[in-house]
Amino acid sequence: MLAVSALVEGRDRVEVAALFKVSVRAVDNWWAKWQAGGRGALLSRARGRRVGEHQVLSEAEQAAVRQAVLDHIPSDLGLSGQLWTRGQTGELIFKLYRVRFTEPGVGKYLKRWGLTFQRPDKRAVEQDPEAVRLWHEETWPAIRARAKAENAEVLFGDQVGIRPDQVTGRTWGAKGTTPIVRRTGNRFSVNAMSAISTRGRMHFMVFTESFDAKVMCRFLARLVGHFDRKIHLIVDRHSAHRSKTVRAWLAGHKDQIELHFLPSYSPELNPDELVNADLKRSLPHTHRARNQTELAAETRRFFHRRQRRPHIVRGYFGGPHVRYVLDENPLSF
């Protein structure tokens, strides 16, 4: 543009080329562009093909492959496996359109389609999507509305089993040599039942016997003793939760507590499942239990630590699949 300005002022093309240290041909090209298209013709543009130009697959074909990847797993479409890789996507393209791509080539398409390589969530094949939809759209909003009208407390509860040989996480070690974690060879375990609320409250019970209806009733009795108002407790469909013994106990305490059941095979809807995961991650970082008594004590210490940090308990409701509890109820209970 400076060169064209100099030409407009009447300077000689050879003089302008020398001034800007370019060839006379370059000056002539700039002058021709300016005369043909004005200032806009002189603006720099990115080199190479434009996005979408001269692509092997048409826009419609690309859209079809992208949707197939989002809606299906490879085995649904006659390929092997359950996870999409660049190689599997390339096989799908070849199967549909008889075009071969390298894996980097497929990767460029995947990136262009806004897809990223992620760790998938797991779902039970027995899960009923319609039941999950009803939970989100009807059941949970109804529970929330009733609890608000009754000035009641809403808790999500679950039970968990802990063994001393559970080693999760990673540790540092020499390259090529797997680190060794010493643990007891004795087989023992403890169980726990917990319940949490969006207020950051946590209630728990650690026990050594198997989880059954009697244990559930004991937990419910302890739970109602902590509240001076009604409780709506949301749990999964464990047989102990739905047993005659529990139903009979609830019938005698219907003004104090009411049980609600999540859809079958849907643990991701229960924020208390994140408490269980946190417990199993945390225990290996504390003293390794050598007997059942020590394991029970470690488990109780974990729950006591969480009770003293209500912000962590509230954080369990921030998980991507349980955020609905807060999103649909911004005021919380």
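The values are calculated or read from the model by the stated rules, or taken from the named source; none is laboratory data. Bear in mind that the values here come from a model prediction, so they are computed numbers and not experimental data. Using ideal geometry, Cβ is built from the backbone for each residue, glycine included, and neighbour counts are taken over all protein chains shown. Keep in mind that these areas ignore ligands, DNA and RNA; they rest on the heavy atoms of the full protein, side chains included. Shrake-Rupley method; radii C 1.70, N 1.55, O 1.52, S 1.80 Å.
Here are the numbers:
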read-out: Choice from Ala18, Ala248, Ala60 showing the highest fluctuation, given a GNM over the chain with Cα pairs closer than 10 Å; value: Ala18
read-out: Carbon plus sulfur fraction of accessible area for the chain, probe 1.4 Å, in percent; value: 51 percent
read-out: Point-charge dipole on Cβ atoms (K/R +1, D/E -1) for the stretch 206-333, about Cα centre, debye to 20; value: 440 debye
read-out: The chain, helix-only ellipticity at 222 nm - DSSP H runs n ≥ 4, -39,500 (n - 2.57), divided by all residues, nearest 500; value: -12000 deg cm²/dmol
read-out: Solvent-accessible heavy-atom area per residue, rounded to whole Å², over the chain at 1.4 Å; value: 62 Å²
read-out: Per-selection Rg to Rh, the stretch 211-333 - Cα, Kirkwood hydrodynamic radius; value: 0.98
read-out: Over 21 Å (Cα to Cα) - which of Lys148/Lys230; Lys214/Lys254; Lys214/Lys280 fall in this group; value: Lys214/Lys280
read-out: Solvent exposure, largest accessible area first (probe 1.4 Å, DNA, RNA and ligands not counted), of Arg25, Arg144, Arg13, Arg305; value: Arg25, Arg13, Arg305, Arg144
read-out: Choice from Glu150, Glu59, Glu258 showing the highest fluctuation, given a GNM over the chain with Cα pairs closer than 10 Å; value: Glu59
read-out: Rotationally averaged projected area of the stretch 214-279 (alpha carbon convex hull; nm²); value: 4.9 nm²
read-out: Most fluctuating residue given options Ala142, Ala251, Ala36, as computed from a GNM of the chain linking Cα atoms under 10 Å; value: Ala36
read-out: Anisotropy class of the chain from Cα gyration tensor, a/c 1.5 cut; value: prolate
